[in-house]
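These notes concern the structure reproduced below.
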Amino acid sequence: MRQRPSRSPQPRRNSPPAIAVVVAAGGRGARVGTAVPKQFLDLAGRPVLLHTIEGILELESVTEVVIALPAGHLERARRLLADRKWSVPIRCVRGGSERQHSVRRAVKMVRSAPDLIMVHDAVRPLCDPGTMRRVAEAAWRTGGAVPGLPPTETIQRISRTGRILKTPPRAELVAIQTPQCFRAEILRAALDRAERLGFTATDESSLVRWAGHPVALVPGSASNIKITRPLDLVLAERLLTGGRASPAPRERSFVSRIGHGIDYHRLQKGRKLVLGGVEIPFEKGLVGHSDADVLSHAVADALLGAAGLGDIGRRFPDSDPRHRSRSSLEFLREIRGALADAGWAIANVDATILAQKPKLARFFEAMRTHVADSLGVGRERVSIKATTTETMNAEGRGEGISAHAVALLQKTIRPRISRIHTRNPRNQ
């Protein structure tokens with residue numbers, strides 16, 4: 001028997017409703033065709049996930065964010081989010097085999113007592129605050145709301161063999177986006193009921209309607225694209241950079257700076273050998289006040305040098321006891337923040353380790369991941385390699401290890417355009 005839709009009473013309150021946001025980040029990038037899940041792909045110099053979260057936090061009433069991720073990428077996400085000055089708590093939770101299971105797990109991790117729970121795709125990095133507000137306001141009035149756009153293409157129903165069966169009236173069709181927002185008690189009850197009865201929906205609005213609650217539709221945004229295929233990533237980058245691949249010089253231009261970093265540390269028995277945040281099995285380790293991660297130190301100096309922000313010794317002096325045994329990846333995360341404050345974006349980093357022993361090639365990918373996550377960029381922007389010195393110097397004799405790094409930074413500037421006063425040619 002079909003359940004009659006229930007109408008939620010109109011709430012009354014003076015302050016805006018508190019909103020907890022669940023980010024569905026369980027995608028694995030199959031249609032994009034990359035080994036890296038699409039939420040971690042590079043978009044205009046930063047991972048897609050960061051763009052999405054920063055967009056969410058433009059909504060003033062957000063109290064917390066819970067991100068549901070594949071189990072194998074939880075630590076990657078935590079490193080990416082670490083040491084940033086977020087305005088609300090942000091936590092990561094292991095997702096499930098289906099979107100609905102991931103959302104349910106994330107909802108159960110909500111620790112505040114929100115009025116509304118908003119569910120958003122991790123790979124919609126361009127959703128504007130206006131769309132989010134429209135959805136939240138409608139959800140607070142009616143119990144649930146989603147943004148949507150009328151389709152621009154003719155939609156056909158087809159058979160399993162690909163034969164066209166029927167053309168639905170376009171006026172009855174709408175393309176649903178996220179965020180989707182619901183009163184907290186409505187979404188929780190719908191998720192729990194579906195779990196008990198074994199029902200699975202394609203999205204939260206379908207689930208809530210199945211549970212007998214109305215869902216309102218508000219205007220969506222054409223720029224709120226979902227990163228699904230390679231072209232979506234290109235389009236998103238164009239939108240983020242002003243709608244063109246190379247902005248017109250009079251409107252904006254890029255300044256690029258290159259920095260070089262070099263660092264040496266002596267090897268000694270009884271110390272751990274850490275390079276790029278990876279502990280390398282070896283009989284000796286590097287001597288230093290921190291973890292003596294010579295690779296991370298070289299990268300740090302290259303970045304600081306390119307931005308004109310000094311060097312690692314001045315920023316993290318070995319005379320400061322707070323830095324004793326500290327992970328050098330933390331230095332990179334702090335430098336990332338300093339670069340962002342100064343308006344710089346990291347274009348790429350290229351580093352070379354000089355060591356006779358041990359062999360390092362099998363650790364390069366882990367090093368790239370640690371360094372890239374600490375800098376908040378995609379792995380494709382970080383290159384790490386190594387070479388020996390043919391036993392010709394201290395590195396070759398096994399007395400120490402050194403590293404060189406080169407970094408390219410970019411900054412978008414808007415040059416001032418002076419007003420030009422023209423004379424009337426008749427008066428010349």
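The values are calculated or read from the model by the stated rules, or taken from the named source; none is laboratory data. Just so we're clear, the structure is a prediction, and the values are computed from it rather than from any experiment. Reconstructed Cβ throughout: ideal geometry from the backbone, glycine too, with neighbour counts over all protein chains shown.
Among the residues of the range 206-216, those identified as buried (at least 19 other Cβ atoms within 10 Å of the Cβ) and not in a loop (DSSP other than H, G, I, E, B) are L207, V208. Per this entry, A171 is counted among residues that are exposed (fewer than 12 other Cβ atoms within 10 Å of the Cβ) and either assigned by TED's automatic domain parsing to the domain that holds L59 or aromatic (F, W, Y) (or both).
Within the range 245-276, the set of residues being of a type in the set (A, V, I, L, M) and either surrounded by 15 or more Cβ atoms within 10 Å (Cβ to Cβ) or at pLDDT 95 or above (or both) comprises I258, I262, L267, L273, V274, L275. Going residue by residue through the range 125-134, is there one that turns out to be more than 26 Å from the chain's Cα centre (by Cα), surrounded by 12 or more Cβ atoms within 10 Å (Cβ to Cβ) and assigned to a helix (DSSP H, G or I)? The answer is no, given that none of the residues of the range 125-134 is more than 26 Å from the chain's Cα centre (by Cα), surrounded by 12 or more Cβ atoms within 10 Å (Cβ to Cβ) and assigned to a helix (DSSP H, G or I).
Yes/no matrix, rows are residues, columns are (1) assigned to a loop (DSSP other than H, G, I, E, B); (2) of a type outside the set (A, V, I, L, M, F, W, C):
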{"site": "G305", "(1), (2)": "no, yes"}
{"site": "G310", "(1), (2)": "yes, yes"}
{"site": "S319", "(1), (2)": "yes, yes"}
{"site": "E334", "(1), (2)": "no, yes"}
{"site": "I353", "(1), (2)": "no, no"}
{"site": "F364", "(1), (2)": "no, no"}
{"site": "V371", "(1), (2)": "no, no"}
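All told, E395 falls short of being in contact with an Asp or Glu (Cβ under 8 Å, 6 or more places away or on another chain) and in contact (Cβ under 8 Å) with a residue 40 or more places away in the chain. Every test in (1) buried (at least 23 other Cβ atoms within 10 Å of the Cβ); (2) at pLDDT below 95; (3) not in a helix (DSSP H, G or I) is passed by S97 save one, and that test is (1). Being under 24 Å from I19 (Cβ atoms), among the small types (G, A, S) and either crowded, with 23+ Cβ neighbours inside 10 Å or in contact with a His (Cβ under 6 Å, 6 or more places away or on another chain) (or both) is a property that holds for G143. Taken together, the residues in the range 361-377 that are surrounded by 22 or more Cβ atoms within 10 Å (Cβ to Cβ) and in contact with a strand residue (DSSP E or B) (Cβ under 8 Å, 6 or more places away or on another chain) amount to 7. Within the range 149-186, being farther than 22 Å from R134 by Cβ, assigned to a loop (DSSP other than H, G, I, E, B) and not charged (D, E, K, R) holds for T154, I155, Q156, S159, T161, G162, T167, P168, P169. Whenever a residue of the range 166-180 is among the hydrophobic types (A, V, I, L, M, F, W, C), its partners that are part of a strand (DSSP E or B), lying with C-beta atoms within less than 7 angstrom and at least six residues away or across chains, give the pairs V174/G148; V174/L149; V174/L217; A175/G148; A175/L149; I176/V146; I176/G148. Contact annotation: residue pairs with Cβ atoms under 8 Å, 6 or more positions apart or on different chains, pairing a residue in the range 35-64 that is closer than 18 Å to L239 by Cα with a partner that is among the hydroxyl-bearing types (S, T, Y) and assigned to a loop (DSSP other than H, G, I, E, B), are K38/T228; L41/T34; A44/T241.
Just one of the listed residues (L74, L50) is modelled with pLDDT under 95, under 27 Å from T200 (Cα atoms), in the same structural domain as C181 (by TED's automatic domain parsing) and surrounded by fewer than 23 Cβ atoms within 10 Å (Cβ to Cβ), and it is L74.
Scan the range 26-46 for residues that are modelled with pLDDT under 90 and either among the β-branched types (V, I, T) or surrounded by 17 or more Cβ atoms within 10 Å (Cβ to Cβ) (or both) and the total you get is 14. List the residue pairs whose Cβ atoms are under 9 Å apart, where the first residue sits in the range 215-227 and is not assigned by TED's automatic domain parsing to the domain that holds A145, the second is aliphatic (A, V, I, L, M) and assigned to a loop (DSSP other than H, G, I, E, B), and the two are 6 or more positions apart or on different chains. Taking only residues 6 or more apart or on different chains, not a single pair turns up.
The set of residues in the range 108-161 being of a type in the set (S, T, Y) and in contact with a Pro (Cβ under 7 Å, 6 or more places away or on another chain) consists of T131, T142.
The residue pairs whose first member lies in the range 126-142 and is touching a residue at least 12 places away in the same chain (Cβ under 8 Å), whose second member is assigned to a helix (DSSP H, G or I), and whose beta carbons are closer than 7 Å, counting only pairs six or more residues apart or on different chains, are L126/A236; L126/L239; C127/G55. Count of the range 187-205 residues, restricted to those that are assigned to a helix (DSSP H, G or I) and among the polar types (S, T, N, Q), is 1.
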